[in-house]
1. Give the number of residues within the range 53-66 that are modelled with pLDDT under 90 and within 17 Å of ILE94 (Cβ to Cβ).
2. Taking only pairs six or more apart or across chains, which ones have beta-carbon atoms under 6 Å, a first residue in the range 11-27 that is farther than 16 Å from TRP90 by Cα, and a second residue that is surrounded by fewer than 13 Cβ atoms within 10 Å (Cβ to Cβ) and at pLDDT 90 or above?
3. Would you confirm whether any residue within the range 113-134 is of a type in the set (A, V, I, L, M), over 21 Å from PHE33 (Cα atoms), buried (at least 17 other Cβ atoms within 10 Å of the Cβ) and at pLDDT 80 or above?
4. Kindly evaluate GLY177 against the criterion of being at pLDDT below 75 and either closer than 30 Å to PHE87 by Cβ or assigned to a loop (DSSP other than H, G, I, E, B) (or both).
5. If you take the residues in the range 62-99 that are under 22 Å from ALA166 (Cβ atoms) and basic (Lys, Arg), which one is surrounded by the most Cβ atoms within 10 Å (Cβ to Cβ)?
6. Which residues, counting only those in the range 43-61, are crowded, with 18+ Cβ neighbours inside 10 Å and over 12 Å from the mean Cα position of the chain (by Cα)?
7. In the list LEU157, LEU147, LEU99, which residue meets the criterion of being under 25 Å from ARG180 (Cβ atoms), at pLDDT 90 or above and in a loop (DSSP other than H, G, I, E, B)?
Amino acid sequence: MFWSAGERARSRPVPFDADRSAVEAARRDPRRFDALYRRYVGQVYSFAVYELHDHHRAEDATEQVFLRALTALPRFEERGEGPTSTFRVWLFRIARRVLSNERRRAARRPEAPLDAATQLAAPGPDPAARAIEREAAARAWQAVDGLPTDRRQALVLRYVDELSTAEIAAVMQRSEGAVRVLIHRGLRGVAARLDGGARSGLAR
């Protein structure tokens, strides 16, 4: 039997979104949104800390993200195949917009801009080891912070929030190939900075 392209498209099952039942429950009763909040607040907050370098600003931004998501939830709709239209991707798109706006609003950077981010590193049992790890983390995240916005966000989404390449592509509205290039160039840029390379030595 031969189907038209439209019939084939309609016959494809919508990919399962692990959050679908929670989303539907929250649509029926906004109080049920708490389940989605608890599931993703840690990831969104981590993204905010690495972008804003301040715990208080990160907390405020995180609340903004979830407030916007709750308000817009009736308009959320799964589309297409794969992970590109899941609730998590949609939520991180909102987070990316909120955090970009917050960074633009910041008139001045804090004196120790990565102090909040380095505190997220898991401490070791030995104080000396903790100090070494903290110093290494500070150097690494200073290098990350100096990257162009897209490269920085791609690295944070991949290695801090552990999104897949496909999810990052959907969040950033890029192709998966473009995201792989961003991550590769971002890692090269970080390595160059850690090796003492100047800004002009960043991979382009």
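1. Adding up the residues that qualify gives 0.
2. none
3. no
4. When the stated conditions are applied, GLY177 does not pass them.
5. Looking at the filtered set, the residue picked out is ARG88.
6. Matches in the range 43-61: LEU52, HIS53, ASP54, ARG57, ALA58, ALA61.
7. LEU147
Residues are listed down the side, and each one gets a yes or a no for (1) in contact (Cβ under 8 Å) with a residue 24 or more places away in the chain; (2) farther than 18 Å from ARG151 by Cα; (3) of a type in the set (A, V, I, L, M):
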residue: PHE33; (1), (2), (3): yes, yes, no
residue: LEU36; (1), (2), (3): yes, yes, yes
residue: GLY42; (1), (2), (3): no, yes, no
residue: VAL49; (1), (2), (3): yes, no, yes
residue: HIS53; (1), (2), (3): yes, no, no
residue: THR71; (1), (2), (3): no, yes, no
residue: THR84; (1), (2), (3): yes, yes, no
residue: TRP90; (1), (2), (3): no, yes, no
residue: LEU99; (1), (2), (3): yes, no, yes
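The values are calculated or read from the model by the stated rules, or taken from the named source; none is laboratory data. Keep in mind that this is a model prediction, so the values were computed, not measured. Every residue, glycine as well, gets a Cβ built from its backbone with ideal geometry; the counts of neighbours run over all protein chains shown.
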